[in-house]
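Okay, so here's the structure we're looking at.
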Amino acid sequence: MNSGNANNSYDVVVVGGGHNALVSAAYLARAGLSVVVLERLDHTGGAAVSVEPFAGQPARLSRYSYLVSLMPEQLMADLGLDVRLVSRTTASYTPWTRGERSGGLLVERPEGETTRASFRDLTGGDEEYAAWQAFYAEVGRLAEVVAPTLMQPLPLEREVRALVDERIWTDVVAEPLGRTILSRFTDDTVRGVVATDALIGTFASMEDPSLIQNRCFLYHVIGNGTGEWRVPVGGMGAVTDALAKAAVEAGAEIVTGAGVSAISPGPDGAEVIWHDGVREHSVTGRRVLSGVAPWVLRILLGEGEDSEHKPAGSQLKINFLLDRLPALKSGVDPEVAFAGTLHLAEDYTQLEAAYAAAVGGAVPDPMPGEVYCHSLSDPSILGDRAGSAHTLTYFGLHTPAGLFDADPGARETATRRALASLNAVLAEPIEDCLATDAEGRPCLEAKIPQDIEKDLAMPGGHIFHGDLEWPWSPNRARLDTPAQQWGVQTEHDTVLLCGSGARRGGAVSGLGGHNAAQAVLADL
């Protein structure tokens, strides 16, 4: 990796140095092509890096991305990545209150009698857990069909549909997911736990006719055929560090501090203009791969800003460093509750009410969100604070970028309401558990979509670079070129998508990078 000059000509120029770009570079360089990666920042990794956000505290957190599910084990093996992903002992824990009764819905990993008893305690019988088991068994069979196709040329919709049960196809693909949830489950809390996978980084009602929520749900449950979300040991930066190492060892060049300002496609290649902060440079490639969002790519191609169709993110991310985990009102062991996904104010009716509030321009109250404690699975990220200290990551839903554009005070309001949702289930305020940094300030940082856009050039702070698409082609799609066959095409034959904006992109998966590399190899 260097911050100096690249050569003038390569087989492939990769714009952006996020995890997908590094995957492309590694595959292509291993195939013997000359490759250069141009990254605007002084480091690679994009949203998937580890940092020490709190002065004087050694804990390394990922400010933005946080778990890994969709990255295929085959991809990791292909590139020889020295990365270990560990399972969380708890899948999820959801505190609940019913009149004078309170408790928590615990879903173990793997599920066992404790999970069954937890459902019974909430609902008074075994019917809801039976419905849960039946639904996720069907989802699992869908995942087993779809997951192997993610590293293959795009199948047609009808080809995938022919391999799965018609009922689960209707429930997950054809009808708004909200209808499925309401018809298959009766308890408001259980319904909400199912619904949350449809809303990560996605601003939609569960009844949205666009089915954007269905597509988000599908991507959250198909990873490696199991849908399990795991913790990378050493932090998310361990994943992208390993990818950068694989790319460089294969012969790719990585140039940091290289801000790309223009891409000019031609019939046999494309020219890329970039600046190192002192002077302008020009480099050509037989193919250019874009790891930046499609909306940004259009600007680089000279097509101008299309403000009407600019993506907009919808999440509030809060990172914490704690001196100790707080106790919960339900009495559950904090190391059980926080080990998986802790759901807060995410009953189904609360999720829909929060969406309606945000559509109306108000910060939701209560604020729906979920909490993850990576240090319970991977204490190494704490450095010499390992022991009683812990990290927490809060991910808030239904906080679209427009709320913060319209109201400068919305950040503070949203943060306050997120803490209130957390404190509502705790036996002690989270503020009492916060560590302090070298200046005596509480170790808490909040990130809204505008921060993501500012830090990472993701338009509107959209973590998927735009709305997710189905991981297959419409039945009438043209799949004439390798780029079309792999779902990475643009309007220019010599410029391809390799980032989260590619079909089958989104999340820390490397799929966009792998598929763009395969299209280039098939083409060249």
Legend entry - Spatial extent of the range 363-431: Rg and Dmax, with the Cα atoms as the point set, Å: 14.6, 43
Legend entry - In Å, descending, principal axis extents of the Cα set of the range 1-82: 43, 33, 17
Inset, instruction - Kindly write out, for the range 195-210 in residue order, the coupling ³J(HN,Hα) from the Karplus curve 6.51 cos²θ - 1.76 cosθ + 1.60 (θ = phi - 60°), rounded to whole Hz, with x marking Gly and Pro. - result: 5, 4, 5, 8, 10, 5, x, 10, 9, 7, 6, 5, 9, 4, x, 5
Legend entry - P(r), alpha carbons of the range 404-461 - 10 Å bins starting at zero, rounded %: 20, 37, 34, 9
Inset, instruction - Under 22 Å Cα to Cα from Lys310, which lysines show up? Leave out anything in the same chain fewer than 8 places away. - result: Lys447, Lys454
Legend entry - In order through the range 314-319: 3J(HN,Hα) via Karplus (6.51 cos²θ - 1.76 cosθ + 1.60), integer Hz, x for Gly, Pro: 8, 7, 10, 10, 10, 9
Inset, instruction - Would you mind pulling out the separation of the Cα centroids of the range 68-118 and the range 140-197, in Å? - result: 19 Å
Inset, instruction - Match the structure shown to one of the listed values (i) 24.4; (ii) 25.1; (iii) 23.6 of Kirkwood radius over Cα pairs in Å, computed from it, and give that label. - result: (iii)
Legend entry - Dipole magnitude of the range 423-467, debye to nearest 20 (Cβ charges: Lys/Arg +1, Asp/Glu -1, about Cα centre): 120 debye
Legend entry - Cα Rg, Dmax, the range 320-383, angstrom units: 14.9, 44
Inset, instruction - Provide the convex hull volume over Cα atoms per residue for the range 211-277, in Å³. - result: 230 Å³
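In whole Å, what three semi-axes, largest first, describe the equivalent ellipsoid of the range 55-214 built from its Cα gyration tensor (square root of 5 times each eigenvalue)?
Details: eigenvalues 160, 128, 55 Å².
Equivalent ellipsoid semi-axes, largest first: 28, 25, 17 Å.
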Legend entry - Per-residue ³J(HN,Hα) for the range 130-147, Karplus 6.51 cos²θ - 1.76 cosθ + 1.60, θ = phi - 60°, Hz, x for Gly and Pro: 4, 5, 4, 4, 5, 4, 6, 5, 5, 4, x, 5, 4, 4, 5, 7, 7, 3
Inset, instruction - Would you kindly compute the Cα radius of gyration of the range 179-247 and its largest Cα-Cα separation (Dmax), both in Å? - result: 16.1, 50
Legend entry - For the range 331-455: Kirkwood Rh in Å [reciprocal of mean 1/r, alpha carbons]: 15.8 Å
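What does the extension gain come out to for Arg161 and Thr114, with contour length at 0.36 nm per residue minus their alpha carbon separation?
13.4 nm
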Inset, instruction - Could you check the simple spin-label distance between Glu305 and Thr226, using points 7 Å along Cα→Cβ, in nm with one decimal? - result: 4.5 nm
Legend entry - Dipole magnitude of the chain, debye to nearest 20 (Cβ charges: Lys/Arg +1, Asp/Glu -1, about Cα centre): 380 debye
Legend entry - Alpha-carbon centroids, the range 330-387 and the range 485-524: separation in whole Å: 33 Å
Legend entry - Area accessible to solvent at Lys447, 1.4 Å probe radius, in Å²: 30 Å²
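Rounded to the nearest 500 deg cm²/dmol, what is the calculated helix-only ellipticity per residue at 222 nm for the chain, with -39500 (n - 2.57) per DSSP H run of length n ≥ 4? Don't skip to the end; give the middle numbers.
Working: 19 runs with 173 residues, N = 524.
Counting only the DSSP helices, I get -9500 deg cm²/dmol.
Out of all DSSP beta bridges in the chain, what portion is antiparallel? Express it as a percent rounded to 5.
Working: 47 of 68 bridges.
Of the beta bridges lying entirely in the chain, close to 70 percent run antiparallel.
The values are calculated or read from the model by the stated rules, or taken from the named source; none is laboratory data. No experiment lies behind these values; they were computed from the predicted model shown. Backbone-built Cβ (ideal geometry, glycine too); neighbour counts: all protein chains shown. Ligands, DNA and RNA are stripped out before the accessible areas are found, and what is left, the full protein with its side chains, is counted by its heavy atoms. Shrake-Rupley method; radii C 1.70, N 1.55, O 1.52, S 1.80 Å.
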